[in-house]
Amino acid sequence: MQDIKSFTLEELKLEMEALGEKSFRAKQLYQWMHQKLARSFDEMTNLPLSLREKCVQSYEYTSIREVKMQESAIDGTRKYLFELKDGSLVESVWMKYKHGNSVCISSQVGCRMGCVFCASTIGGLERSLTPSEMLDQIYKVTLLTGERVSNVVVMGTGEPLDNYDNLLRFIQLLTDENGLHISQRNITVSTCGLVPQMFQLADEKLQITLALSLHASSDEKRKELMPIANKYSIAELIEACRYYFEKTGRRITFEYSLVGGVNDKPEDAERLAALMKGLNCHVNLIPVNPIKERDFVQSKGAEIASFKNKLEKNGINVTIRREMGRDIDGACGQLRRRQKALQ
C-alpha cells in the first residue's frame, strides 16, 4: 500500500480523483494529516465515512508509537524512543530554548557511516526512513508536549544525505503552507560529508542550514574518527561548502566534537582556523558525549576554552554547544542502543 502521509497536496488531489472523489477532499485530508496531526483516518470527522473507509483500504497511514521518554532534570530536554510500524526504533530529542522549541529527528534506523565516537552506527544501517516517518517524529512530539515546534534539526540517528530523496520530500512537506509551514531557514541538515550529495543539495537552492560534521582538521586524524574520510578529503569537503554558500547564500556550520587528547590540541585549532579562512561559517564546538562502547573522553574545560579562543583570534565565529540532556542518554543512538539490549 502507498504511504499517504508522504504525498504532496498535488499528488493527493490526483489520488482523490482516482478514487472518484472531489479534489477539495485532498486539502481536507492534507490538513488533517499535517496541521491537525490526526493519528488515524478515524479522527477525520468532516470526511464522509465512505471516503475514510476507501482510505483505510487503499493507503498506509504512518503513526509512530512512543516506547519511552526520558526528561532531563537539568534542563527539561526530553528524549523520545519511538517504534515504527515494522518494530524498528528511532530516537527524537525535544529541546526548549528561549527562541523556541527545537526537535532533533532521525533520518535512518541505524547508520552505516561508522563514525567511531557515535552510538548510532553500532550495529550498522537497518533501513532509511520514509518522509512520513521523519515528519511523524515532529508531529508526535508536538502532540506529546502540547507545544509548537519552531526549529527542526535532522541530526539524530542516520546520515540524512544517505537518504537524499526522502529528505528532500520531507523538507517540502514540512515547509508547505498547508502543513506545519516551518520556514526552511529554521531547518538544519547535518552530514558527515557525502560530497556529491552536498553539491546536489546546493543546486536545489534551499534556504536550509547545512551542518558538516568535521571533527578533525587533518585528513589523517579524520580517517581515525570517520571512515567517510577515506573517500573524501577535507579539501573536497571545503570546496563543497564554498559551493553551497555560493549557491544558497547560507552560512555553513561546522560541527566539531572535542575528544580529549585526540583532536583538541593547539595545533588542531590552528589547522582548523587555516581551513576556515575566507569561508562564511560558524564553528560549533561539541564536548563529546562519552558512550560506554567506546573509550573516548570529553576534553577538559581549559582545553575547550583554549581551543575556542584560538579560533576567535583567527576571526572564526565559534560557540561551545550548550550541553543538553547529558543525564538522559543525550548522545545520538544511546537510548535506542540500550533499549535493544533489553529486548
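Please determine, by comparing only the residues of region 283-304 that are at pLDDT 90 or above and in contact with a helix residue (DSSP H, G or I) (Cβ under 7 Å, 6 or more places away or on another chain), which one is farthest from ARG251 (Cα to Cα). Full working, then the answer.
Within region 283-304, the first condition is being at pLDDT 90 or above, and the residues that meet it are 283-285, 304.
Subset that is in contact with a helix residue (DSSP H, G or I) (Cβ under 7 Å, 6 or more places away or on another chain): 283, 285.
Values: VAL283: 11, LEU285: 16 Å.
Among them, the one singled out is LEU285.
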*List the pairs whose first member sits in region 26-43 and is under 14 Å from GLU60 (Cα atoms), whose second member is at pLDDT below 95, and whose Cβ atoms are under 7 Å apart, counting only residues at least 6 apart or on separate chains?*
none
*Are any residues in region 46-73 touching a Phe, Trp or Tyr at 6+ places or on another chain (Cβ under 7 Å), under 21 Å from MET134 (Cβ atoms) and not in a strand (DSSP E or B), and if so, which ones?*
TYR61, ILE64
*If you take the residues in region 44-69 that are in contact (Cβ under 8 Å) with a residue 40 or more places away in the chain and of a type in the set (Asp, Glu), which one is nearest to GLU83 (Cα to Cα)?*
GLU66
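Select, from GLY87, GLY124, GLY100, GLY114, the only residue that is touching a Gly at 6+ places or on another chain (Cβ under 9 Å) and either over 30 Å from LYS231 (Cβ atoms) or in contact (Cβ under 8 Å) with a residue 40 or more places away in the chain (or both).
Details: GLY87 fails: touching a Gly at 6+ places or on another chain (Cβ under 9 Å); GLY124 fails: either over 30 Å from LYS231 (Cβ atoms) or in contact (Cβ under 8 Å) with a residue 40 or more places away in the chain (or both); GLY100 fails: touching a Gly at 6+ places or on another chain (Cβ under 9 Å).
The conditions single out GLY114.
Considering each residue of region 1-45, count those that are of a type in the set (Ser, Thr, Tyr) and in a helix (DSSP H, G or I), and give that number. Let's see the steps before the verdict.
Taking region 1-45 and keeping what is of a type in the set (Ser, Thr, Tyr), we get 6, 8, 23, 30, 40, 45.
Keeping just the survivors that are in a helix (DSSP H, G or I) gives 6, 30.
Total meeting the criteria: 2.
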*asked:* Looking at LYS205, LYS247 in this structure, which one is more than 20 Å from the chain's Cα centre (by Cα) and surrounded by fewer than 22 Cβ atoms within 10 Å (Cβ to Cβ)?
replied: LYS247
*Conditions: (1) assigned by TED's automatic domain parsing to the domain that holds VAL149; (2) of a type in the set (Val, Ile, Thr); (3) closer than 24 Å to ASN178 by Cα. VAL90 meets all but one. Number of the miss?*
(3)
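The values are calculated or read from the model by the stated rules, or taken from the named source; none is laboratory data. In this text, all values refer to a predicted model and were calculated from it rather than measured experimentally. A quick note on method: Cβ atoms are made from the backbone with ideal geometry, for glycine too, and the neighbour counts reach across all protein chains shown.
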